[in-house]
Amino acid sequence: MKDFAMPSSAPHIPKSLNRGIEQGFKSDTTKLARFTAMMRAPGVYVRMLLVVAAFCLFCYLHYDSVTTALYYGLICLVLMQVGYVGGVLYLIWQESAHRRKK
(Lines give C-alpha, C1' and ligand atoms only; values in the text may rest on other atoms or scores of the structure.)
Protein backbone atom coordinates (compact mmCIF):
# COMPACT_ATOMS: atom_id res chain seq x y z
CA MET A 1 0.00 0.00 0.00
CA LYS A 2 1.26 3.47 -0.88
CA ASP A 3 2.10 5.89 1.96
CA PHE A 4 0.02 9.03 2.15
CA ALA A 5 2.14 12.18 2.08
CA MET A 6 1.18 15.72 3.00
CA PRO A 7 1.24 18.25 0.17
CA SER A 8 4.80 19.46 -0.35
CA SER A 9 3.96 23.12 -0.34
CA ALA A 10 1.10 25.03 1.17
CA PRO A 11 0.84 28.71 0.17
CA HIS A 12 0.55 30.01 3.72
CA ILE A 13 3.05 27.71 5.48
CA PRO A 14 6.80 27.93 4.83
CA LYS A 15 8.54 24.77 3.61
CA SER A 16 10.55 24.51 6.82
CA LEU A 17 7.29 24.06 8.74
CA ASN A 18 5.93 21.38 6.41
CA ARG A 19 8.33 18.87 7.97
CA GLY A 20 6.73 19.54 11.34
CA ILE A 21 3.26 19.17 9.89
CA GLU A 22 4.20 15.79 8.45
CA GLN A 23 5.46 14.75 11.91
CA GLY A 24 2.12 15.56 13.50
CA PHE A 25 2.52 19.09 14.96
CA LYS A 26 5.02 18.08 17.60
CA SER A 27 7.00 21.33 17.93
CA ASP A 28 5.80 24.69 19.20
CA THR A 29 6.60 26.30 15.84
CA THR A 30 4.26 24.01 13.97
CA LYS A 31 1.53 24.48 16.58
CA LEU A 32 1.87 28.22 16.02
CA ALA A 33 1.68 27.68 12.24
CA ARG A 34 -1.49 25.62 12.62
CA PHE A 35 -3.02 28.25 14.93
CA THR A 36 -2.07 30.98 12.44
CA ALA A 37 -3.68 29.05 9.59
CA MET A 38 -6.87 28.65 11.61
CA MET A 39 -6.99 32.37 12.41
CA ARG A 40 -6.97 33.55 8.77
CA ALA A 41 -9.53 36.31 8.32
CA PRO A 42 -12.08 35.06 5.76
CA GLY A 43 -12.40 31.56 7.17
CA VAL A 44 -12.59 32.56 10.81
CA TYR A 45 -15.39 35.06 10.12
CA VAL A 46 -17.43 32.47 8.23
CA ARG A 47 -17.00 30.01 11.10
CA MET A 48 -17.98 32.70 13.61
CA LEU A 49 -21.13 33.55 11.67
CA LEU A 50 -22.11 29.87 11.41
CA VAL A 51 -21.66 29.41 15.15
CA VAL A 52 -23.69 32.55 15.91
CA ALA A 53 -26.47 31.41 13.54
CA ALA A 54 -26.60 28.00 15.24
CA PHE A 55 -26.56 29.66 18.66
CA CYS A 56 -29.40 31.99 17.65
CA LEU A 57 -31.41 29.02 16.37
CA PHE A 58 -30.98 27.13 19.63
CA CYS A 59 -31.85 30.24 21.64
CA TYR A 60 -34.98 30.74 19.55
CA LEU A 61 -36.02 27.12 20.04
CA HIS A 62 -35.40 27.39 23.79
CA TYR A 63 -36.97 30.81 24.50
CA ASP A 64 -39.50 31.08 21.61
CA SER A 65 -38.52 34.73 21.19
CA VAL A 66 -36.78 36.27 18.20
CA THR A 67 -35.61 39.34 20.12
CA THR A 68 -34.08 37.24 22.92
CA ALA A 69 -32.35 35.01 20.38
CA LEU A 70 -30.93 38.04 18.53
CA TYR A 71 -29.85 39.63 21.82
CA TYR A 72 -27.96 36.51 22.90
CA GLY A 73 -26.58 36.12 19.37
CA LEU A 74 -25.20 39.66 19.49
CA ILE A 75 -23.58 38.98 22.85
CA CYS A 76 -22.10 35.75 21.44
CA LEU A 77 -20.72 37.61 18.41
CA VAL A 78 -19.11 40.31 20.57
CA LEU A 79 -17.50 37.72 22.84
CA MET A 80 -16.12 35.82 19.84
CA GLN A 81 -14.69 39.03 18.39
CA VAL A 82 -12.97 39.71 21.72
CA GLY A 83 -11.56 36.18 21.56
CA TYR A 84 -10.40 36.70 17.98
CA VAL A 85 -8.59 39.93 18.88
CA GLY A 86 -7.05 38.11 21.84
CA GLY A 87 -5.87 35.34 19.51
CA VAL A 88 -4.30 37.84 17.12
CA LEU A 89 -2.56 39.59 20.02
CA TYR A 90 -1.30 36.19 21.18
CA LEU A 91 0.13 35.52 17.70
CA ILE A 92 1.87 38.90 17.73
CA TRP A 93 3.29 38.21 21.19
CA GLN A 94 4.55 34.75 20.18
CA GLU A 95 6.15 36.08 16.99
CA SER A 96 7.93 38.88 18.86
CA ALA A 97 9.19 36.38 21.47
CA HIS A 98 10.37 34.07 18.68
CA ARG A 99 12.23 36.92 16.95
CA ARG A 100 13.88 38.00 20.21
CA LYS A 101 15.29 34.49 20.63
CA LYS A 102 17.05 34.68 17.27
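The values are calculated or read from the model by the stated rules, or taken from the named source; none is laboratory data. Values in this document were obtained by computation on a predicted structure and should not be read as measured data. A quick note on method: Cβ atoms are made from the backbone with ideal geometry, for glycine too, and the neighbour counts reach across all protein chains shown. Keep in mind that these areas ignore ligands, DNA and RNA; they rest on the heavy atoms of the full protein, side chains included. Shrake-Rupley method; radii C 1.70, N 1.55, O 1.52, S 1.80 Å.
Most tightly packed first, judged by the mean number of other beta-carbon atoms within 10 Å of their residues, the peptides 64-72, 78-86 read 64-72, 78-86. Approximating the spin labels as points 7 Å out from Cα along Cα→Cβ, the V66-to-M38 distance works out to 3.6 nm. A Förster radius of 41 Å, combined with the Cβ-Cβ distance separating L57 from K102, puts the computed FRET efficiency at roughly 0.30. Solvent-accessible area of R47, all protein chains in place: 120 Å² (probe radius 1.4 Å, heavy atoms, ligands and nucleic acids excluded).
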